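Below is one structure, written out as structure tokens; the observations come after it.
Nothing in this text is a laboratory measurement; each read-out follows from the coordinates by a stated rule. As the structure is a computational prediction, the values presented were derived from the model and not from experiment. Cβ atoms come from the backbone with ideal geometry, glycine included; neighbour counts cover every protein chain shown.
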Amino acid sequence: MLILIAEDDELILKTIEHKLLKEGYDVIVTRNGKDAIDTIKDTEIDLIITDIMMPFASGTEILAAIRSFGRKIPVIMLSSLGQEEVVLEAFDLGASDFMVKPFSPNELTLRIKRLTAK
């Protein structure tokens, strides 16, 4: 399973990447929204973890791009902003799940397993 992580905070990015690699997932990392969108356009991704606030394109713009490509990829949104309107906008755009930072890497992997169970 290939997971794309789109996160501009290097510590959070490395923490998620390390945890997912340890769990046996294949991982692609991007540090801004534009690179994430380009990667999604050109690669078969199974799940996306994205921050909302990122350079060049936000997490909500990434969601909009995924949907414009006609792709149905589960997306877990991350944000230090826990405001209700941000969460509702993410779900309106098709987010599968939403986690407020800081979060437990173990909880993240449980949510990934729930979203990808067949």
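Taking residues in the stretch 90-118 that are under 15 Å from MET1 (Cβ atoms), and partners anywhere that are in a helix (DSSP H, G or I) and of a type in the set (A, V, I, L, M), the pairs with Cβ atoms closer than 7 Å and at least 6 places apart or on different chains are SER96/LEU115; LEU108/ILE16.
Of the residues screened, SER104 is one that is loosely packed, with under 15 Cβ neighbours inside 10 Å and among the small types (Gly, Ala, Ser). In the stretch 5-36, the residue that is surrounded by the most Cβ atoms within 10 Å (Cβ to Cβ) out of those that are among the aliphatic types (A, V, I, L, M) and closer than 17 Å to MET99 by Cα is ALA6. Of everything in the stretch 62-87, what is closer than 18 Å to ILE28 by Cβ, of a type outside the set (Gly, Ala, Ser) and surrounded by 13 or more Cβ atoms within 10 Å (Cβ to Cβ)? Give them in sequence order. The answer is ILE62, LEU63, ILE66, ARG71, ILE73, PRO74, VAL75, ILE76, MET77, LEU78. Here ILE62 passes the criteria (1) out of contact with any Lys or Arg (no Cβ under 9 Å at 6 or more places or on another chain); (2) more than 26 Å from HIS18 (Cα to Cα) except the one numbered (2).
Whenever a residue of the stretch 37-60 is exposed (fewer than 15 other Cβ atoms within 10 Å of the Cβ), its partners that are part of a strand (DSSP E or B), lying with C-beta atoms within less than 8 angstrom and at least six residues away or across chains, give the pairs THR43/LEU2; THR43/LEU4; THR43/ILE28; GLU44/LEU2.
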